[in-house]
Amino acid sequence: MGRRVRGWVFGLAVWWLWMPLLAGLVWVVKHAVFGGFGQQDQSYRLWLRREFLPHGGLVDAAPLFWFWVAVGLCGTVWAVVYAVDETGVGFGGWRARIAVSVVVLALAGSLVRAGTGMWDDDKDAGRFYAAATILDVPAGGAGAPRSVLPVTERSRPGDGARCDLVGTSDVPACVKTASMPDFDFEARTASYAAATKALTDSAGLSSGIHLMGHSLHYLPGTAGGGAWTAVLDGSGEQPMEGVAVWDGRSNSVASCAFRGDHAFDRAFGGTGAVSLRNLLAERFPGLVYSEQDIWGYCDGPDPRTAQPVVVISVARQTAWKQRTVLAPAGVLVLRGSPNGKPDVTYRAQVDPGELPGAVYPASVVRSQIHEVQWLGGRGAKDDQGFGFAHTSAATNATNPGEFLLRSKADGHLYYVTPLVPRESSSQLVVAFAVLQADRAGGGLNDLHVYVRSDDAPAVNLDVLASRMVSYMAQQTSIAISAGQGGALQELVPFGRDMWRGFVDFNGQTQDYIDLSGDATVTPNLVSLTGPITPPGGQPQPQPSGRPTDRPTGPPTGEPASGCGADPNQLTTTQLAACVAELSKTLQGRVHD
């Protein structure tokens, strides 16, 4: 009898412990046998915590943990029944009944806990990000936009400071009666597609070097002097080379290199001892990042002699309810050193102006925008399709949002994203998501969703693109197409109800068109320095959209030329370029 009891106990222990023992064995193999591969170790530990014990203990354990408990209790029920039968005690005794009842109740409780955790898993993510979301509507009551009625119709008065209305669903919703302020964003001078083409074709001087596409980052400068940058990463045994910089206007790409006192012997794409990802995972096992959160800049006025710096906006896997969420956790700043070892500094708090680019993870911003759909509760999300989504307009297919722009009003950097209704075929821009990007630390930054009123002038990116194409055809002899693969590549908002479209020929931005959404402002077509090249054609000399060395009047004894010539003697294309130059100069004087 004693031997059978010991065998029963051993079998029950194996039934309960095989999964934890297997998990421990996998960790030993990853940590000890494959030591030095920090990414494997980090990802496995984060996965175990995310899927089983988010809080590190039994409190608010994840649904998968409770399923494991339920499986273990099922085996326990069978073992108890077997033991009672084998020992001859029977179920007539109170001890046997209590034992079976306790195990069955525990089994039911674990299944309930797992079920509720799974049911609320996606809503809990919405609850976390909703705490830092504000719906800014131009008017309340009957004047509230239809796109937010599922929230405003079921609300109560708020504190009047942060929130004028508070949603009554089980997901917190904050509504503020306020229109979108005039941030007066600085417009870009080149598109994302053109920057990708310019930096990819011209950057990297060594074999094994490639441009990290997702590290392409726009650094807004003062007075519109922004620049595009990208990390020149290594591969295999080749370390990182540096950072490439393009001003968006010239045909040349500059770069600052890791060399001399600023050498760098690692690379994101490196293998073995050259792997930067493994090094970061070993040093900072609690920090994670996405490809789009990596960017670089040259610390110095001249990129050829400046020190390259790589910045990673990081997040931390944070326990929340019965799951984990990603929350901003500061930045990692990477520099070179005389011995080539990466000089990595972790900064949990970053204030505006300390770094030239975004320090708040764009990947977290996208999650915050996605979870806006929960502000009206599960019913409004599922039954009424409440929420907002990125535009699917063809012109912005590769870059639909999270535009990093600098406000002339306060000098801060913001992520700006035009939004359309969720679960709708409409491409009308009904809201703008705006979040401050130059500050990190202390939790989530507030996401403001500025909702447009129903009677505001309709803004449809496809319609805007069509108007820009039409205006370009009227003012020049070149016909362009819009959308992915076309000449008109990207529409980016700036100013009050103003949009800029970029005209890319042969992979380079040659012109841009400024257009107002309500069609009340005369379009502004500006040709950048250099020839205009039709798709598949040869460069055609055109008047530059920037000041040149044209004479302001005819020299003695010589006929006038360029914009100083008789307008009747100019071609339609030349006259349009001169008018664009005059308009740009006039706008600059008015701004000054």
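Quick notes
- For Trp27, the test of being over 20 Å from Val288 (Cβ atoms) and outside any loop (DSSP other than H, G, I, E, B) is failed.
- Tabulated pairs, segment 147-160, first at pLDDT 90 or above, second crowded, with 16+ Cβ neighbours inside 10 Å and of a type in the set (D, E, K, R), C-beta under 7 angstrom, 6+ apart or interchain: Gly158/Asp164
- Residue ranges of strands (runs of 3 or more DSSP E) in segment 370-425 with at least 2 members open to solvent by less than 10 Å² (accessible area, probe 1.4 Å) and either under 28 Å from Ser169 (Cβ atoms) or at pLDDT 90 or above (or both): 403-406, 413-421
- Qualifying residues in segment 272-301 (those that are within 20 Å of the chain's Cα centre (by Cα) and of a type in the set (Val, Ile, Thr)) - the one surrounded by the fewest Cβ atoms within 10 Å (Cβ to Cβ): Val288
- Within segment 227-253, tally of residues that are of a type in the set (S, T, N, Q) and over 12 Å from Met212 (Cβ atoms): 4
- Conditions (1) closer than 30 Å to Tyr512 by Cα; (2) over 27 Å from the mean Cα position of the chain (by Cα); number of the one not met by Ala195: (2)
- Whichever residue in segment 261-271 is outside any loop (DSSP other than H, G, I, E, B) and free of Cβ contacts under 8 Å to residues at least 40 places away in the same chain and, among such residues, is nearest to Asn339 (Cα to Cα): Ala267
- The residue that is nearest to the chain's Cα centre (by Cα), among those in segment 501-516 that are of a type in the set (D, E, K, R) and surrounded by 22 or more Cβ atoms within 10 Å (Cβ to Cβ), is Asp504.
A quick yes/no check of all residues on (1) more than 26 Å from Ala315 (Cβ to Cβ); (2) touching a Gly at 6+ places or on another chain (Cβ under 6 Å):
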site: Gln373; (1), (2): no, yes
site: Gln384; (1), (2): yes, no
site: Tyr415; (1), (2): no, no
site: Val420; (1), (2): yes, no
site: Ser426; (1), (2): yes, no
site: Arg439; (1), (2): no, no
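- Criterion applied to Ala161, Ala194, Ala178 was being on the phi < 0 side of the Ramachandran plot, small (Gly, Ala, Ser) and crowded, with 18+ Cβ neighbours inside 10 Å, and the one residue passing it is Ala194.
- Exclusive hit being modelled with pLDDT of 95 or more, more than 15 Å from the chain's Cα centre (by Cα), open to solvent by less than 50 Å² (accessible area, probe 1.4 Å) and farther than 17 Å from Ala281 by Cβ, set Val325, Val359: Val325
- Those strands (runs of 3 or more DSSP E) lying entirely in segment 457-523 with at least 2 residues in contact with a helix residue (DSSP H, G or I) (Cβ under 9 Å, 6 or more places away or on another chain) and β-branched (Val, Ile, Thr): 508-516
- Residues within segment 480-492 that are under 21 Å from the mean Cα position of the chain (by Cα) and crowded, with 22+ Cβ neighbours inside 10 Å, tallied: 4
- Considering (1) touching a helix residue (DSSP H, G or I) at 6+ places or on another chain (Cβ under 8 Å); (2) modelled with pLDDT of 80 or more; (3) farther than 23 Å from Ala108 by Cβ; (4) β-branched (Val, Ile, Thr), the lone condition that Val28 does not fulfil carries the number (1).
- Ser337 meets all of the listed conditions (1) of a type in the set (Ser, Thr, Tyr); (2) open to solvent by 10 Å² or more (accessible area, probe 1.4 Å); (3) within 22 Å of the chain's Cα centre (by Cα) but one, namely (3).
The values are calculated or read from the model by the stated rules, or taken from the named source; none is laboratory data. Note that the structure is predicted; figures quoted are calculated from it, not measured. Note: ideal-geometry Cβ built from the backbone for every residue, glycine included; neighbour counts use all protein chains shown. We work out accessible area using only protein heavy atoms, side chains counted, and drop any ligands, DNA or RNA first. Shrake-Rupley method; radii C 1.70, N 1.55, O 1.52, S 1.80 Å.
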